[in-house]
1. Which is under 30 Å from A:Ser236 (Cβ atoms) and either of a type in the set (D, E, K, R) or crowded, with 17+ Cβ neighbours inside 10 Å (or both), of A:Ile473, A:Ile398, A:Ile450, A:Ile456?
2. Are there any helices (runs of 4 or more DSSP H) wholly within the stretch A:130-234 with 2 or more residues that are touching a residue at least 60 places away in the same chain (Cβ under 8 Å) and under 31 Å from the mean Cα position of the chain (by Cα), and if so which?
3. Within the stretch B:162-181, count every residue that is over 26 Å from A:Ala36 (Cβ atoms) and within 14 Å of chain A (Cβ to nearest Cβ).
4. Could you list, in sequence order, all residues of the stretch B:43-70 that are facing chain A (nearest Cβ under 9 Å) and surrounded by 18 or more Cβ atoms within 10 Å (Cβ to Cβ)?
5. Quick one: in the stretch B:193-207, of everything that is more than 7 Å from chain A (Cβ to nearest Cβ) and outside any loop (DSSP other than H, G, I, E, B), which residue is surrounded by the most Cβ atoms within 10 Å (Cβ to Cβ)?
6. When the stretch A:615-631 is examined, which residues are found to be buried (at least 21 other Cβ atoms within 10 Å of the Cβ), of a type in the set (Ser, Thr, Tyr) and within 23 Å of the chain's Cα centre (by Cα)?
7. Take the residues in the stretch A:237-254 that are polar (S, T, N, Q) and farther than 19 Å from A:Thr271 by Cβ, then tell me which one is surrounded by the most Cβ atoms within 10 Å (Cβ to Cβ).
8. Mind checking which residues of the stretch B:241-251 are crowded, with 16+ Cβ neighbours inside 10 Å and not small (Gly, Ala, Ser)?
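The values are calculated or read from the model by the stated rules, or taken from the named source; none is laboratory data. On a predicted model such as this, the values are computed, not experimentally measured, just so you know. A quick note on method: Cβ atoms are made from the backbone with ideal geometry, for glycine too, and the neighbour counts reach across all protein chains shown.
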Amino acid sequence: MKKILLLAALFLTVQLQAQITGLSGWNIVIDPGHSADENMGIYNYPEAQKSLYVGRHLRAFLQDSTDIDTVYMTRTDSIQIVSLSQRTDYANSLGAAWFHSLHSDAGGASANTTLLLWGQYASGAEKIPNGGKAMSDIMIGNLTKGMRTTTVRGSIGDCSFYGCTSGGPYLWVNRMSNMPSELSEAGFHTNPKQNQLNMNYEWKRLEAKTFWWSIIKFKGQQRPYPGIMAGIVTDSESGLPINGAVVTVNGRTYTTDTYQSLFHKYSTDSTLLRNGFYYFERVPGGIQSISVSAPGYDTYNSTVAMSDTFFTFKDVAMVNSMPPYVATVLPAVGDSLYPGINNLQITFSRPMDTASVNNALVFAPTVGNPQKSWSANERTLVINTSGFQFATNYTLTILATAKDKSNHPLDGNGDGVGGDPYVMNFSTRVPDQVPPALVARYPQANEQVIEKRPVINLTFNEPLKTSTLGGKIFFTNTSTGANVQTLTKYYPGTDFASVNLFTREDLVPGTQYLIKIEPGIEDMSGNAIQEAIEIPFTMGSIGQGTTYTIDNFDGGIGNWWVPQQSGSTVGILTDTTNIYLDGVILNHGTGSAKSMKLTYGWDLLATQWLIREYYPATTPTFPIQNTYLETMLFGDGSGNKFRFCVNDGGPGGHEVSEWKTIDWYGWKLVRWDLANDPVGSWIGNGVLESPLSIDSYQLTLTPGKKNIGTLYFDDLQYTVYGPVDVQDELSGVPGAYGLSQNFPNPFNPSTVIKYAIPVSGNVEISVYNALGQKVKTLVDGFKEAGNYQITFEAGDLPSGLYLYELRSGVHYEVKKMLLMK
Amino acid sequence: MFINPKVSPDGKLLAFTQEGYRGLFIMNDKNEITKITDDPAAGFGFSWLHDNSGIVARPAKYDGMKRSNGAAIYYLNGNAPVEISEFSTKTTTLPGVSTGGEVFFLQNGVVHAYSNTSRSSEERSPAGVAAFIENDKISVTTTAGEKRVIEPVKGERCINAALSPDGNKVVFEVMGGDLYIINSDGTGLIDLGTGYRGAWSPDSKKVTYMLTTDDGHQLTSSQIYTVNADGTNKTKITNFSHFLPIDPSFSADGKFIYFANITDGSIMKISAEAAK
């Protein structure tokens, strides 16, 4: 029997160390993407470092375990700054047979997909020489399983992925390498879980193994027995990975990373980082025993069947042996609450046996049997305070009979030993006797509004009793006394409440209107507004503008990057910063179906704060003259700031509006008068220069204001009031009349028409439809001799052929243009 | 998209390639373009023959996924290309043309000179001076027929070496580092700072190069510069905001610089004077 075991062990050893043939006469360039500490991931671990170590592992696997001729690396350390041209020049000058570029991706905190991008021309055909697609098709499966993510974008041609319209391939390494090539994106370094795993040395071996196995398969060779067991050790209740857990497999041990061993390189917070990852190579096949121990946890013992074909993943959820304790309470100990408005909230250190806790609550003085509810995986208890008395001191005792789900008795005094009660004192406040106050409004009293259907915003400083709102707010035409048709929505918040009136009819230019709030609206304690509030305003008479939608979000938010994707975004708490599609908080003024919700968290330890919520599309473009860039913004009253950013044709390529403080709650139209409002300061030259298109919404923290909040955006658009006519940059007096062919043509929805006037005089340019009916007058007035251009906005016209006509003095000229929507 | 323009010694023809360095194209002074080969990799690191009759390059051949490289001459008179070396999976050095006008290539690590007249090669250094990258170092063969190996920055890998027309200097890059000029006897190292793809003026007095930035996926900016052979008078030649110029090379009279604009795939030329 011993002999058989010995032979089996010898066979296995030979099998594990056997060199794989079939790669002779072949070589590869491994390209660890980026350089030094570029593309910093969450928690200060950069993509560049991860890709370097994955590359080193892959090189070692190929050199040590196969008969490959040579493995080259474009970057060999964390100091070199290797440009894109050097990466491909190095491979091309060597005449290498293959190019593999290693990367990871950036995005929101929850995104973590895998992707292989092979070289592709805009025609859809694979790059010549072929091969990158076939390799990518193999790699994507192994990489996705190895990274343990079920979300996969796939093996995709880079032109299809990025949307090339001509030429290609899109990626430099695919376009400029003269051999088959591909680029891997192994998860997201902006994903907290992924990037804490990326820090681990052996995790990068795991990624490299997936490429090694893929190359072996691509070369038609048999993959060796893997012999790798790996997994993540976590706390069974919180799901958090455990640092310093000791895993024993087949007589060898592996200790999961700790602050002392690894994480101190990336954080000064000794409790922040954890991955719980363990990894064993050369594990024999069959059934293996595994044992895991960690301070404060019961020892775990089990067996694992080794996979013959892939990694053997075995995650271990450890049971905490520590007794439960009260982690947080609201109100804080010694603090107070409003009975019936503020509830009592107790959060335990772990999920509790709810019945034992409910039966262990003792109030002095007694409060009867208050309503209780549990949340957060039965860790948080909320007690309704409706039956509590005002201005009373209470003591709450949670008896030691309260237990967690593993029957550990409560550790009430937090000394680490269970079996003692928890005691807290709090008081209830005197009744609120101050009525609600209106703290922000749109429009302001006597303001002149210019939008046809304004959204009225009335922001109060506390939640309101909705039953008292009916018949208290009026919106009337002052001259006729008629009520304006509106849809009223009430939005309660924690510290604020908003009433929005969505106007349902066009207001009349030059007319006075009145918003009136009658007395009687009450706060939650029944305090009523005592005096009427009147907000008179005027509908401006500058003209009825034409509004063009940029994005109304009804089609989703796929066109927007998550905030972390932009390298300009700084100073955020990435876990709490993200964008979502929302179907509840909507601009009812336009019948919107969806909006974009943006949650943000600012890192108060940072010194700079900016969210660049980027919109990568560069169309539509919009004019400057007589144009307002607008969005509906549901404010959170935080006092933080918002601004627009546009792409422009001047130095720096970007300009911003001035910061606007978000001091309102609920919906409000935010606008930038492009021709007249000041330009803010960012990376442009402070001057708007055509062509303009939207770049981003931008947000920043106002120091001292709330660092957590939620905003909603809807109906990003621009509105043009009248035609736009500007003198062309080409100065000088032309020698003859001229009417240029519009550009672009066909167009949608705007196009530019240039014209030349050699003699000062009256000029008329009009647009006619195919039936000869005049549909627009673009210019009608005196013009000095010169070159001009005018932007024709046709968003309100149907597709079709149109004629435009220039008349000046005796000169008459007409041309055709095609509107295609 | 066209890239890597290089003008013929007599200035009458312009050779260039396309993305992936596949094939070679020739444009004459009437702007007529002819494709002289579609061979893979022929467009990377090619050199004009001094008599303007053709181009020496290192095309690739594929047997399945196995790649072999070898030296070949592509003639402009319609004659078939001539393979002047064996094709091997281990050929990692680019062929070239020495200052004496002879084609050279490496086979099994040995320098060979090829006579375009006799159409034969032999194991020896080419006439004049030649320089090439071998095992990450710069090799120079001298007029005396000696081979000198230069390691300008110890432990660092050299790429993109180009010998000046007078044979006295080599411009090259260090992987992950700067652009340098060094005398072909291994002395007088000059650090030019960041720069890529250096190319000499016909009179050996200037080098033109590109200075790029990238985001790891695409170039984000690029401009073309010139600098004197002694490292002085660094001059910005382009100041484009909407173009990405790459692969600069001098015209035969040294007055212009040809480059590829990868924003639209065109080949352009610009005065070699400073940008206005």
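1. A:Ile398 is the lone residue from the list that is under 30 Å from A:Ser236 (Cβ atoms) and either of a type in the set (D, E, K, R) or crowded, with 17+ Cβ neighbours inside 10 Å (or both).
2. Filter on the stretch A:130-234 gives A:132-147, A:172-175, A:192-198, A:201-218.
3. Summing the residues that are over 26 Å from A:Ala36 (Cβ atoms) and within 14 Å of chain A (Cβ to nearest Cβ) in the stretch B:162-181 gives 1.
4. B:Gly43, B:Phe44, B:Gly45, B:Arg58, B:Ala60, B:Met65, B:Arg67, B:Ser68, B:Asn69
5. B:Val207
6. A:Thr631
7. Filtering the stretch A:237-254 for residues that are polar (S, T, N, Q) and farther than 19 Å from A:Thr271 by Cβ, the one surrounded by the most Cβ atoms within 10 Å (Cβ to Cβ) comes out as A:Thr248.
8. Selection gives B:Phe243, B:Leu244, B:Pro245, B:Ile246, B:Asp247, B:Pro248, B:Phe250.
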